[in-house]
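The block underneath contains the structure these notes are about, expressed in structure tokens.
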Amino acid sequence: MKPLKALSIAGFLAVPLVLAPAFAQESVLNLYSSRHYQTDEALYANFTKQTGVKINRIEASDDAIIERIRNEGAKSPADVLITVDAGRLWRAEQLGLFQPVKSALLDSRIPSSFRDPSGQWFGFSLRARVIAYDRTKVKPGDIATYEDLADPRWNGKICTRSSAHVYNLSLMGAMIDHLGEAKAEAWARGVKANLAHDPKGGDTDQLKSVAAGECELALVNTYYWARLARSAKPEDKALVDKVGIVFPNQSSWGTHVNISGAGVLKNAPHREAAVRFLEYLASDEAQRYFSEGNNEWPVVASVQIANPALAPIAQIKVDLINVAVLGRNQPTSQKVFDRVAWK
Ligand SMILES: [Fe+2]
């Protein structure tokens, strides 16, 4: 009986075994992410509901996730990398981790400023790097531009994170593009001279330093402030009461903005599903989930969010240089920071 049973099972499975690999190939997506927001769960569940493609998520911190894909090499199961800051996406691109994607839908939905010109990565939400100020000591009109941060009147009054961090490298990339390297260096020297203390901590720490009276101004990304502005905790409310934000350079080149973005990896085993996923991220529904999950603005201009902590992006003059420039300038940005000893 036993051999016969085995034979009959093999016979029964013959057809599904032939079809299974092709079906399995497009029914999963391996997503490598350095985003870890609760609302992303709904974002991914909705994609699975719409397409039947299951998402396997691998999470790690920003630089670690890129390192992991690099180490996995040609055998990497990674289909899509999602991370933050064009400067970081550029690093992944430099390592040859992405493959270009040509999608009329992505090209029409995402403004050209917020995606890689060669299609290796695309921005899906926007954040701005702004100036936080102590409302009790600084009037909004006192500080209007990034350039103002170098004014000696702010001597000993500015807090910022390290120059090695990609957020500051990208801001410097924009300064270099607008001012030229020499003027950008003079600016960095002035800001460095105005620092209250050596750079330390993340952007939330800078906000806390302003609230604590250690400094009067700080450079921060908008979502850190917005997160506190939407918090129910009394200490967060007290911080936001004391610390305001200014969108710099409204009368010149606009406030420096950056992206959360994603690209399809070079060795993606499920390329079709990966492109489909990127296109899904540009849909109205996903744009709301994706941006709201971290208090960012949708990159698709027609999609509105009602975020009480963030002014509508249409009301803000944003810098429209292509964010790929921030990556291209990164090595120069680091050299400029090093020359002025901004740690
Ligand atoms: Fe951040």
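Throughout, read-outs are computed from the coordinates displayed, never taken from laboratory work. In this text, all values refer to a predicted model and were calculated from it rather than measured experimentally. Heads up, the Cβs are rebuilt from the backbone with ideal geometry, glycines too, and the neighbour counts pull from every protein chain shown.
Worth a mention:
- Taking Thr255, Thr145, Thr83 and counting other C-beta atoms within 10 Å, the order from fewest to most: Thr145, Thr255, Thr83
- Theoretical gain in end-to-end length, Arg153 to Ala309 [0.36 nm per residue, Cα-Cα removed]: 53.2 nm
- The modelled label-to-label distance between Arg189 and Thr51, using points 7 Å beyond Cα along the C-beta direction, is 5.1 nm.
- Rel. contact order, % - alpha carbon contacts under 8 angstrom, at least six apart, the chain: 29 percent
- Ranked list, fewest to most other Cβ atoms within 10 Å of each Cβ, for Ser34, Ser260, Ser103: Ser103, Ser34, Ser260
- Dipole of the chain [Lys/Arg +1, Asp/Glu -1 at C-beta], most positive-end residue of Ala229, Ile316, Ser61: Ser61
- Only Lys, Arg, Asp and Glu carry charge here, each on its Cβ (+1 for the first two, -1 for the last two); on that basis segment 178-282 has a dipole of about 220 debye about its Cα centre.
- Residues whose placed amide H lies under 5 Å from that of Ile259, excluding near-sequence neighbours: Asp85, Ala86, Arg127
- Inter-centroid distance (Cα atoms) of segment 305-327 relative to segment 45-69, Å: 25 Å
- Nearest-20 debye value, segment 255-303 charge dipole, Cβ charges on Lys, Arg, Asp, Glu: 240 debye
- Cβ-placed point charges (K, R +1; D, E -1), dipole of the chain about Cα centre in debye, nearest 20: 500 debye
- Extension gain (nm, one decimal) between Ala341 and His36, 0.36 nm per residue minus Cα-Cα: 106.5 nm
- Other residues whose C-beta falls under 10 angstrom from the C-beta of Ala128 contribute a net charge of 0, scoring Lys and Arg +1 and Asp and Glu -1.
- Linear extension gain, His197 paired with Glu181, 0.36 nm per residue minus alpha-carbon span: 3.3 nm
- A dipole drawn for the chain from +1 and -1 charges on Cβ atoms has a positive end, and of Leu81, Ser113, Ala144 the residue lying farthest that way is Leu81.
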